[in-house]
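Enquirer: Handing you this structure, nothing more for now.
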Amino acid sequence: MPDYPPKIIEIVDETGLGEIVDCFRQSVLAEAGIVVVLTLLGAPGILFGDDVGRVMGAVALGLALLCVPPLWLKARRRLYLCSNGLLLTTGDAVLKRLIAWEDVAYVRKWTTRVYQRGGSQDVERCILMLKNGGKLNLARPPYARDEELTAAIEHYMSEISYPRRAMEIAETGSSTFGPITVTAEGVRDGDRLVRWSEITGLERARVRLRIWTGFGRPAISRQVRTIPDVAVLVALVAEGVERHRLHRQEPSADV
């Protein structure tokens, strides 16, 4: 078991955040890369350059030194993933922010593909929208092992949101996920209602959520980033389709 600072364990116990599941650090690769490049450019100029080279080398090293303090501060920040929420700290376990899962209204999670000279890279995006109107964007700045972090957050939030959403459908007949609404009869997007009996396919891809009613173009296609609690939506739709399929297979009662 990881050896977490006693002060962090004390804060987690006092605030009711449950158990510490994991600890994540902010990614410093970009900043560290800049410092290394500036140092490699500046040092030769200082050591081997002429007057102009030494001046340029001094400027490069000066810029590198300016990048060190924010890099150091960023490297000391931590995010503790707990069973009941998140704890953000800096320095010697100094509390910056505490967010319980019950304080979160919904989660937006999607993946952005960044194209670079050496190829493409998928960047996880996850925004927690809080009930008090605030938010926590975990991509600004990004965290190392972001895929693990965002997947865990979505898992914990889905455990809370799914029962609430299912109850909302049972009591009111519908639950809204941004542009899409799940109803007792099926899935609605604008004026289009796709009934459970019509759905033949469901896909949550990197960019879009698609629902098919047959071959060809999907009947519903929306960007994942526009859909709050998308994992819960997918689970409810899959469950609705399966429930309808099992209902059709039930033998009719003898008359």
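The values are calculated or read from the model by the stated rules, or taken from the named source; none is laboratory data. The structure displayed is predicted, hence computed values, not measured ones. All Cβ positions, even for glycine, are placed from backbone atoms using ideal geometry, and neighbour counts span all protein chains on display. Note: areas computed on protein heavy atoms with side chains; ligands, DNA, RNA excluded. Shrake-Rupley method; radii C 1.70, N 1.55, O 1.52, S 1.80 Å.
Enquirer: Restricting attention to region 240-249, does a residue exist that is part of a loop (DSSP other than H, G, I, E, B), open to solvent by 30 Å² or more (accessible area, probe 1.4 Å) and of a type in the set (S, T, N, Q)? Steps first, answer last, please.
Expert: Filtering region 240-249 for residues part of a loop (DSSP other than H, G, I, E, B) gives none.
No, region 240-249 contains no residue that is part of a loop (DSSP other than H, G, I, E, B), open to solvent by 30 Å² or more (accessible area, probe 1.4 Å) and of a type in the set (S, T, N, Q).
Enquirer: Just for region 153-212: of the residues that are assigned to a helix (DSSP H, G or I) and of a type in the set (Gly, Ala, Ser), which one is surrounded by the fewest Cβ atoms within 10 Å (Cβ to Cβ)?
Expert: Let us first name the residues in region 153-212 that are assigned to a helix (DSSP H, G or I), namely 153-172, 196-198.
Cutting the leftovers down to of a type in the set (Gly, Ala, Ser) gives us 158, 161, 166, 170, 197.
On the way: SER158: 18, SER161: 23, ALA166: 16, ALA170: 10, SER197: 14.
Only one residue tops the list, namely ALA170.
Enquirer: Is it true that some residue in region 213-231 is of a type in the set (Val, Ile, Thr) and open to solvent by 70 Å² or more (accessible area, probe 1.4 Å)?
Expert: Narrowing region 213-231 to residues of a type in the set (Val, Ile, Thr): 213, 220, 224, 226-227, 230.
Checking the rest, the ones that are also open to solvent by 70 Å² or more (accessible area, probe 1.4 Å) come to none.
No, every residue in region 213-231 fails to be of a type in the set (Val, Ile, Thr) and open to solvent by 70 Å² or more (accessible area, probe 1.4 Å).
Enquirer: Given (1) under 10 Å from the mean Cα position of the chain (by Cα); (2) open to solvent by 40 Å² or more (accessible area, probe 1.4 Å), where does GLY118 come up short, assuming only one miss?
Expert: Answer for GLY118: the failing condition is (1).
Enquirer: Could you list, in sequence order, all residues of region 138-152 that are part of a strand (DSSP E or B) and either more than 22 Å from SER83 (Cα to Cα) or open to solvent by 40 Å² or more (accessible area, probe 1.4 Å) (or both)? Step through it out loud before you land on a result.
Expert: Of the residues in region 138-152, the ones part of a strand (DSSP E or B) are 139, 142-143.
Selection gives PRO142 alone.
Enquirer: Of (1) without any contact (Cβ under 8 Å) to a residue 12 or more places away in the chain; (2) among the aliphatic types (A, V, I, L, M); (3) in a strand (DSSP E or B), LEU86 satisfies all except one. Which?
Expert: Condition (1) is where LEU86 drops out.
Enquirer: Which of the residues belonging to region 98-115 are more than 20 Å from CYS82 (Cα to Cα) and either surrounded by 10 or more Cβ atoms within 10 Å (Cβ to Cβ) or modelled with pLDDT of 95 or more (or both)? Before the answer, list the steps.
Expert: Going through region 98-115, the residues more than 20 Å from CYS82 (Cα to Cα) turn out to be 110-115.
Correct list: TRP110, THR111, THR112, ARG113.
Enquirer: Test ALA139 against the criterion of being among the aliphatic types (A, V, I, L, M), within 23 Å of the chain's Cα centre (by Cα), within 30 Å of ILE11 (Cα to Cα) and modelled with pLDDT under 70, and give yes or no.
Expert: So ALA139 does not fit the description; no.
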